[in-house]
Amino acid sequence: MGPDDDVAIFYTSGTTGHPKGAVISHRNIISNMFNSASSQARAFLRRGEAPPAPDPTAPQKAFLISVPFFHATGCFAIMIPSLMAGNKVVMQRRWDCDQALELMQRERVTHFGGVPTIAWQVLEHPRIDEFDLSSIEGVAYGGAPAAPELVKQLKARFPKSSPSQGWGMTETSATAVSNTGEDYEAKPASTGVPSATGEVKIVDDKGNELPRGEVGELWYKGPIVVRGYWQNDEATRETFIDGWVKTGDLAKIDDEGFVYIVDRAKDMLIRGGENIYCVEVENALYDHAAVMDAAVIGKPHQTLGEEPLAVVYLKPGMSATSDELRHFVAQKLAAFKVPVEVIFWPETLPRNANGKIMKKELKKQIEAPAF
């Protein structure tokens with residue numbers, strides 16, 4: 001069996017379309033593990049330190065995971081690297097913050113994460129001070145916008161931890177871009193830089209590369225990119241071009257090479273001819289101290305086409321009004337980007353098994369006659 005032979009088929013989340021089977025090779029998996037190791041080493045090198053040598057006497061690392069193993073993050077970013085390194089994996093069938101805190105204390109969990117909401121729920125839990133969480137060394141998340149304030153609060157609660165966030169997709173066999181260490185503290189709005197073996201570029205709708213700072217579609221290239229979709233030649237031709245994967249994410253790159261995800265191309269709203277990037281509005285909402293979960297979707301409008309509608313879940317014990325949140329966003333963004341309405345959800349927003357907000361399901365529930 002060779003390094004480029006197929007080893008697995010992982011299906012995409014289908015949040016913006018029908019799930020497709022991404023064909024994973026041995027090289028994809030192995031490259032992903034080395035990318036992860038190099039990203040950790042980079043954090044030490046960036047602060048002028050040599051990466052520490054392996055210490056066989058150090059306590060065993062323990063990763064708490066509630067992401068399923070049929071997801072690229074669960075399998076390729078957690079399970080397989082943990083098997084290789086001899087780490088402990090503490091599993092939850094689904095995320096439950098009360099249970100998680102008990103597991104963290106009992107199993108001396110060193111790393112946890114998933115999506116930003118998980119980190120917020122831990123930080124905001126009313127009984128957090130009752131648990132010994134001194135073992136926490138790392139909190140990693142992705143798959144959704146993370147408020148810049150989150151990294152500050154994580155560092156305050158877990159002083160010896162190294163929060164990080166990243167970007168990836170099934171088609172890149174898990175994480176392809178990551179931001180950790182002091183870089184993340186300095187640029188909390190960025191999802192980071194490409195892995196050691198990868199490269200990124202921003203292109204327009206004709207495939208032409210755009211200059212630094214301009215918004216366009218993010219393309220990624222490297223040995224973690226899968227060879228294509230199982231029995232779907234048309235989708236493979238549309239998505240994979242000369243080794244590059246067209247991600248469908250709108251992004252920009254700054255002068256230092258840090259990537260900023262602006263939105264999913266299919267999530268962008270057009271209000272009276274003006275583009276509104278939902279992630280930008282969601283980030284503004286996440287900056288509000290009372291907001292734990294936020295999603296922006298399109299509300300049909302007869303003349304403008306659509307307008308931004310915000311759905312939020314507030315942190316336990318916190319309060320806010322629609323007018324207050326709209327005014328808060330208006331201090332940060334242009335008037336046409338301010339949500340015309342804010343709907344308060346009674347619980348965390350609906351997510352799929354991978355932790356991504358299901359905006360299509362959310363929109364369907366809101367448009368239902370009984371709502």
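The values are calculated or read from the model by the stated rules, or taken from the named source; none is laboratory data. Since the model is a prediction, treat every value here as computed from it, not as a measurement. Cβ placement follows ideal geometry from the backbone for every residue including glycine, while neighbour counts extend to all protein chains displayed.
What to note about this one:
- Those helices (runs of 4 or more DSSP H) of segment 72-157 in which 3 or more residues are closer than 20 Å to residue 315 by Cα and out of contact with any Cys (no Cβ under 8 Å at 6 or more places or on another chain) occupy 97-107, 116-124, 148-157.
- When residue 231 is tested against (1) touching a Phe, Trp or Tyr at 6+ places or on another chain (Cβ under 8 Å); (2) within 23 Å of residue 10 (Cα to Cα); (3) not in a strand (DSSP E or B), exactly one condition is not met: (1).
Each row is one residue, and each column tells you yes or no for (1) over 26 Å from residue 143 (Cβ atoms); (2) modelled with pLDDT under 90; (3) not assigned by TED's automatic domain parsing to the domain that holds residue 217.
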| residue | (1), (2), (3) |
| --- | --- |
| 292 | no, no, yes |
| 295 | no, no, yes |
| 304 | yes, yes, yes |
| 318 | no, no, yes |
| 321 | yes, no, yes |
| 342 | no, no, yes |
| 353 | no, yes, yes |
| 358 | no, yes, yes |
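- Residues (in a helix (DSSP H, G or I) and either of a type in the set (A, V, I, L, M, F, W, C) or loosely packed, with under 12 Cβ neighbours inside 10 Å (or both)) located in segment 41-58: 41, 43, 44, 45
- Scan segment 294-349 for residues that are surrounded by fewer than 14 Cβ atoms within 10 Å (Cβ to Cβ), without any contact (Cβ under 8 Å) to a residue 40 or more places away in the chain and part of a loop (DSSP other than H, G, I, E, B) and the total you get is 9.
- Unique residue being within 21 Å of residue 137 (Cβ to Cβ), in the same structural domain as residue 26 (by TED's automatic domain parsing) and touching a Pro at 6+ places or on another chain (Cβ under 9 Å) when the list is 184, 220: 184
- Sole residue being crowded, with 16+ Cβ neighbours inside 10 Å and closer than 23 Å to residue 29 by Cβ, chosen from 90, 122: 90
- Residue in segment 196-204 that is in contact with a helix residue (DSSP H, G or I) (Cβ under 9 Å, 6 or more places away or on another chain) and either among the polar types (S, T, N, Q) or buried (at least 24 other Cβ atoms within 10 Å of the Cβ) (or both) present: yes
- Residue that is farthest from residue 167 (Cα to Cα), among those in segment 253-269 that are at pLDDT 80 or above and part of a strand (DSSP E or B): 269
- Residue match in segment 290-297 (condition: farther than 21 Å from residue 334 by Cα and not charged (D, E, K, R)): yes
- Against the test of being closer than 30 Å to residue 269 by Cβ and not assigned by TED's automatic domain parsing to the domain that holds residue 360, the options 56, 52, 116, 81 yield a single qualifying residue, 116.
- Verdict on residue 245 being within 30 Å of residue 323 (Cα to Cα) and of a type outside the set (Asp, Glu): no
- Filtered residues of segment 256-275 (kept if out of contact with any helix residue (DSSP H, G or I) (no Cβ under 8 Å at 6 or more places or on another chain) and surrounded by 12 or more Cβ atoms within 10 Å (Cβ to Cβ)): 257, 259, 260, 265, 266, 270, 275
- Scanning segment 158-211 for residues that are among the charged types (D, E, K, R), more than 22 Å from residue 243 (Cβ to Cβ), outside any helix (DSSP H, G or I) and in contact with a strand residue (DSSP E or B) (Cβ under 8 Å, 6 or more places away or on another chain) gives a single hit, 187.
- The numbered conditions (1) farther than 21 Å from residue 331 by Cα; (2) buried (at least 21 other Cβ atoms within 10 Å of the Cβ); (3) within 16 Å of the chain's Cα centre (by Cα) are all true for residue 253 except (3).
- Selection count where residues are closer than 11 Å to residue 295 by Cβ, without any contact (Cβ under 8 Å) to a residue 24 or more places away in the chain and assigned to a loop (DSSP other than H, G, I, E, B), scope segment 350-369: 1
- Some residue of segment 235-248 being assigned to a loop (DSSP other than H, G, I, E, B), assigned by TED's automatic domain parsing to the domain that holds residue 32 and either crowded, with 20+ Cβ neighbours inside 10 Å or among the hydrophobic types (A, V, I, L, M, F, W, C) (or both): no
- Hey, residue 130 of a type in the set (D, E, K, R), surrounded by fewer than 22 Cβ atoms within 10 Å (Cβ to Cβ) and in contact with a Lys or Arg (Cβ under 9 Å, 6 or more places away or on another chain) or not: no
- Residues in segment 51-68 that are hydrophobic (A, V, I, L, M, F, W, C) and at pLDDT 90 or above: 62, 63, 64, 65.
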